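The values are calculated or read from the model by the stated rules, or taken from the named source; none is laboratory data. Fair warning: this is a prediction, and the values are worked out from it, not measured in the lab. Glycine also receives a Cβ, built like all others from the backbone with ideal geometry; neighbour counts cover every protein chain displayed. Please note that ligands, DNA and RNA were not included when accessible areas were found on the heavy atoms of the full protein model with its side chains. Shrake-Rupley method; radii C 1.70, N 1.55, O 1.52, S 1.80 Å.
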Amino acid sequence: MVHIRNIALPDFPLLLAPMEDVSDPPFRAVCKQGGADLMYTEFISSEGLIRAAAKSRQKLDVFDYERPIGIQLFGSDVETMGECARISTEAGPDLIDINYGCPVKQVACRGAGAALLRDIPKMVEMTAAVVRNTHLPVTVKTRLGWDDSTKNVEDVAERLQDIGIEALTVHGRTRVQMYKGEADWDLIGRIKNNPRIKIPIFGNGDIDSPQKAVEYKNRYGVDGVMIGRAAIGYPWIFREVKHYAATGQLMPPPTVEERVQACRMHFEKSLEWKGPRAGVFEMRRHYAQYFRGLEGARQWRTRLVDSNDPLEIHAIMDEIIAAEPMLVG
């Protein structure tokens with residue numbers, strides 16, 4: 001088993017990536033059912049928590065059926081991050097994660113996320129402040145470095161382990177790469193095989209199939225993988241990876257009924273957590289992914305997006321099951 005202090009995970013655990021405007025409780029619910037072993041909240045602004053901003057506070061919501069669950073924080077001020085670790089601990093997660101990997105301008109250009117890869121002493125100081133202000137395990141997610149000339153994640157891994165983090169996830173791109181190009185896992189493998197590193201090392205980037213997940217496990221020796229974009233509208237990726245790792249065989253794709261059931265569960269959780277108006281509106285971004293590849297998918301998506309009535313949306317989903325559309329792509 002893989003352990004993050006008292007959190008026992010299965011061999012080669014599968015982690016759900018924290019994705020802004022995606023990894024909310026409704027989405028996490030379907031991914032948990034799909035087989036995710038460890039999940040994280042959307043990343044939460046430390047400044048937003050300190051100001052008690054409603055959106056940031058709502059992101060602290062965690063539920064028992066999600067466990068183990070981590071709250072992920074980002075920020076640019078050391079003291080603020082320490083205080084937010086204390087606030088987040090009171091919300092009852094199983095661990096606190098620090099985001100040193102987000103590449104978007106709104107985060108990095110404010111000195112947070114991946115920007116800390118250009119100031120390792122501050123990163124170390126900030127991490128120490130978070131560790132001091134919680135009794136929970138602290139983990140970190142980061143990137144290879146800021147750009148190709150500053151791939152400093154090996155040094156980062158050692159220094160953060162020395163001050164108390166208990167697991168590290170590395171996305172195999174630099175900040176400058178954003179999400180373009182192919183993720184480079186060689187450096188992730190070197191960190192895992194560094195004899196000084198004792199904490200679990202999880203790899204992230206381009207895991208979009210069971211074959212690739214198992215190949216990277218065997219090639220780089222990572223303790224587990226984090227899956228992000230491949231799980232959007234396809235929570236079955238987790239069970240498919242587990243099945244392939246155990247048997248060497250690919251599972252058949254989810255049936256139409258399974259797709260509808262997962263989409264319906266996501267929709268119902270969205271209504272519960274966000275309320276009927278926001279729940280209907282924010283679910284619209286997910287329909288295309290759930291029904292991607294089905295015959296007539298565009299027609300179904302258009303009808304679902306155009307409706308504001310939860311009962312009508314449920315009825316449309318019933319129609320999709322009854323129509324038994326073929327998987328065409």
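Quick look at the numbers
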read-out: Identified option (computed Cα extents along the principal axes in Å; candidates (i) 83, 45, 31; (ii) 58, 47, 36; (iii) 114, 56, 30); value: (ii)
read-out: Residue range of the chain that is longest and free of chymotrypsin sites (Phe, Trp or Tyr not before Pro) which are both DSSP loop and sparsely packed (at most 14 other C-beta within 10 Å); value: 180-329
read-out: Accessible area per residue in Å² at 1.4 Å probe, computed on region 27-160; value: 36
read-out: Over region 7-76 - Rg/Rh using Cα atoms and the Kirkwood inverse-distance radius; value: 1.00
read-out: Span from the region 94-148 Cα centroid across to the region 191-260 one, whole angstrom; value: 24
read-out: Calculated FRET efficiency for the pair R196/E268, C-beta based, R₀ 51 Å, to 0.05; value: 0.60
read-out: The chain - percent of accessible surface contributed by carbon and sulfur, probe 1.4 Å; value: 50
read-out: Computed lengthening from M178 to R86, 0.36 nm per intervening residue step minus Cα-Cα distance; value: 30.1 nm
read-out: Residues of region 254-295 with amide N under 19 Å of the 7 Å Cα→Cβ point at A323; value: 254-265, 267, 284-295
read-out: Over region 1-149 - Rg/Rh using Cα atoms and the Kirkwood inverse-distance radius; value: 0.95
read-out: Where trypsin sites (Lys or Arg not before Pro) fall in DSSP loop in region 185-248, at most 11 other Cβ within 10 Å; value: R196, K198
read-out: Residues of type aspartates and glutamates that K180 reaches as a straight line, Cα spacing below 14 Å, ignoring anything fewer than 8 places off in the same chain; value: D147, D148, D206
read-out: Charge dipole (debye, nearest 20) of the chain; +1 at Cβ of Lys and Arg, -1 at Cβ of Asp and Glu; value: 460
read-out: Where region 256-323 is the region considered: accessible area per residue in Å², 1.4 Å probe; value: 52
read-out: A53 versus H3: modelled label distance in nm, points set 7 Å from Cα along the beta carbon direction; value: 3.9
read-out: FRET efficiency for Q261 and K105, using Cβ-Cβ distance with R0 set to 35 Å, rounded to 0.05; value: 0.35
read-out: Prolate/oblate/rounded label for region 53-122 (Cα gyration tensor, a/c 1.5); value: prolate
read-out: Qualifying aspartates and glutamates (Cα of each under 13 Å from Cα of K32; at least 8 residues distant if same chain); value: D24, D64, E66
read-out: Accessible surface ranking that places the most exposed of H135, H243, H314 first, with a 1.4 angstrom probe; value: H135, H243, H314
read-out: Computed label-point distance, nm, for sites E158 and R67 using a 7 Å Cα→Cβ extension; value: 3.8
read-out: Neighbour-limited loop hits for GluC sites (Glu not before Pro), region 167-247 (at most 16 other Cβ within 10 Å; DSSP other than H, G, I, E, B); value: E182
read-out: Rounded, prolate or oblate (a/c below 1.5 giving rounded, otherwise prolate when a/b exceeds b/c) for region 256-323 by Cα gyration tensor; value: prolate
read-out: Estimated [θ] at 222 nm from DSSP helical runs (n ≥ 4, -39500 (n - 2.57)) normalised by residues in the chain, nearest 500; value: -12500 deg cm²/dmol
read-out: Reachable aspartates and glutamates from K151, criterion Cα separation under 15 angstrom, eight or more residues apart if same chain; value: D119, D184, D186
